[in-house]
Amino acid sequence: MARKTGQCLCGAVTFTAVVGDAIQACHCVQCQRWTGGGPYFAVEVEALELSGGDVLREYHASTWGERVVCGTCGSTVYWKMQGKAPRTIAAGLLDDQSGLRVTEEIFVDYRPGWLPPFEGAAQSTEAQEMAKLEEFLAGQT
């Protein structure tokens, strides 16, 4: 993991974070609509320091998830569990994307037919992801 910087399209939201090199690609229908057609490419972050929080806009897309965008330019910023700190950020916001690679694809049963699988990436379906979510939520009570 390395400390990296990034920003949204207009620069109203900037950040520094310790970032991993693995990208998770989420192909769920919500992520396709949220990003405009492709998957949400997420990188894991630690020690996220975010500025421009006053322009962030949150959308509660489910009973557990929250999608966050820049309210000025509309850039996808991050997805997180409601009530939790963000653990990922959109890979496209990073100033330096070198060394990143897609290592996992989720909700692959919704991957558009025009997008081939990423070679070597782990694959999981909606059913598998929902089972993981149920297990996680059960552990939160």
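Output the number of the condition that Thr72 fails; it satisfies all remaining conditions of (1) part of a strand (DSSP E or B); (2) among the β-branched types (Val, Ile, Thr); (3) within 20 Å of Gly11 (Cα to Cα).
Condition (1) is where Thr72 drops out.
Confirm whether Ser98 is at pLDDT below 95, of a type in the set (Ser, Thr, Tyr), part of a loop (DSSP other than H, G, I, E, B) and over 14 Å from the mean Cα position of the chain (by Cα).
Here the answer is no, as Ser98 does not meet what is asked.
Exactly one condition in (1) out of contact with any helix residue (DSSP H, G or I) (no Cβ under 9 Å at 6 or more places or on another chain); (2) modelled with pLDDT under 95 is false for Lys4; which is it?
(2)
Under the condition of being within 15 Å of Thr16 (Cβ to Cβ) and modelled with pLDDT of 95 or more, which residue from segment 53-87 is surrounded by the fewest Cβ atoms within 10 Å (Cβ to Cβ)?
Here the answer is Tyr78.
Would it be correct to say that Arg101 is surrounded by fewer than 15 Cβ atoms within 10 Å (Cβ to Cβ), among the charged types (D, E, K, R) and within 27 Å of Ala122 (Cα to Cα)?
Working: surrounded by fewer than 15 Cβ atoms within 10 Å (Cβ to Cβ): yes; among the charged types (D, E, K, R): yes; within 27 Å of Ala122 (Cα to Cα): yes.
Taking the combined requirement at face value, the residue satisfies it.
Examine segment 109-129 for a residue that is under 25 Å from Gln7 (Cα atoms), more than 16 Å from the chain's Cα centre (by Cα), among the hydrophobic types (A, V, I, L, M, F, W, C) and in a helix (DSSP H, G or I), and state whether such a residue exists. So that I can check it myself, show each step before the final result.
Start the filter on segment 109-129 by keeping residues that are under 25 Å from Gln7 (Cα atoms), which leaves none.
Within segment 109-129, not a single residue is under 25 Å from Gln7 (Cα atoms), more than 16 Å from the chain's Cα centre (by Cα), among the hydrophobic types (A, V, I, L, M, F, W, C) and in a helix (DSSP H, G or I).
Take the residues in segment 80-90 that are of a type outside the set (S, T, N, Q) and in contact (Cβ under 8 Å) with a residue 40 or more places away in the chain, then tell me which one is nearest to Leu9 (Cα to Cα). Spell out how you get there, then give the answer.
First, the residues of segment 80-90 that are of a type outside the set (S, T, N, Q): 80-81, 83-87, 89-90.
Now drop any that are not in contact (Cβ under 8 Å) with a residue 40 or more places away in the chain, which leaves 86-87, 89-90.
On the way: Pro86: 19, Arg87: 21, Ile89: 14, Ala90: 12 Å.
In this case the residue turns out to be Ala90.
Out of curiosity, is Val19 buried (at least 16 other Cβ atoms within 10 Å of the Cβ), over 26 Å from Phe136 (Cβ atoms) and at pLDDT 95 or above? First the steps, then the outcome.
Values: buried (at least 16 other Cβ atoms within 10 Å of the Cβ): yes; over 26 Å from Phe136 (Cβ atoms): no; at pLDDT 95 or above: yes.
Against the criterion (buried (at least 16 other Cβ atoms within 10 Å of the Cβ), over 26 Å from Phe136 (Cβ atoms) and at pLDDT 95 or above), Val19 does not qualify.
Quick one: Lys132 ticks every box in (1) in contact with a strand residue (DSSP E or B) (Cβ under 7 Å, 6 or more places away or on another chain); (2) basic (Lys, Arg); (3) more than 27 Å from Gln7 (Cβ to Cβ) except a single one, so which number is it?
It is condition (1) that Lys132 fails.
Looking at segment 130-141 only, could you name the residues that are in a loop (DSSP other than H, G, I, E, B) and either within 22 Å of Ala17 (Cβ to Cβ) or of a type outside the set (Val, Ile, Thr) (or both)? Please lay out each step first, then the result.
Just the residues of segment 130-141 that are in a loop (DSSP other than H, G, I, E, B), to begin with: 140-141.
If the condition is that a residue be in a loop (DSSP other than H, G, I, E, B) and either within 22 Å of Ala17 (Cβ to Cβ) or of a type outside the set (Val, Ile, Thr) (or both), then Gln140 is the only one that fits.
Working only within segment 1-56, note down all residues that are assigned to a strand (DSSP E or B), among the aromatic types (Phe, Trp, Tyr) and within 23 Å of Glu105 (Cα to Cα).
Our first condition is that a residue be assigned to a strand (DSSP E or B); within segment 1-56, this holds for 2-7, 14-26, 40-51, 56.
Subset that is among the aromatic types (Phe, Trp, Tyr): 15, 40-41.
Once the filter is applied, which keeps residues that are assigned to a strand (DSSP E or B), among the aromatic types (Phe, Trp, Tyr) and within 23 Å of Glu105 (Cα to Cα), segment 1-56 yields Tyr40, Phe41.
Looking at (1) more than 26 Å from Pro112 (Cβ to Cβ); (2) among the β-branched types (Val, Ile, Thr); (3) modelled with pLDDT under 95, which one does Thr35 not meet, given that it meets all the others?
For Thr35, the exception is condition (1).
The values are calculated or read from the model by the stated rules, or taken from the named source; none is laboratory data. A quick note: this is a predicted structure, and the numbers were derived from the prediction, not measured. A quick note on method: Cβ atoms are made from the backbone with ideal geometry, for glycine too, and the neighbour counts reach across all protein chains shown.
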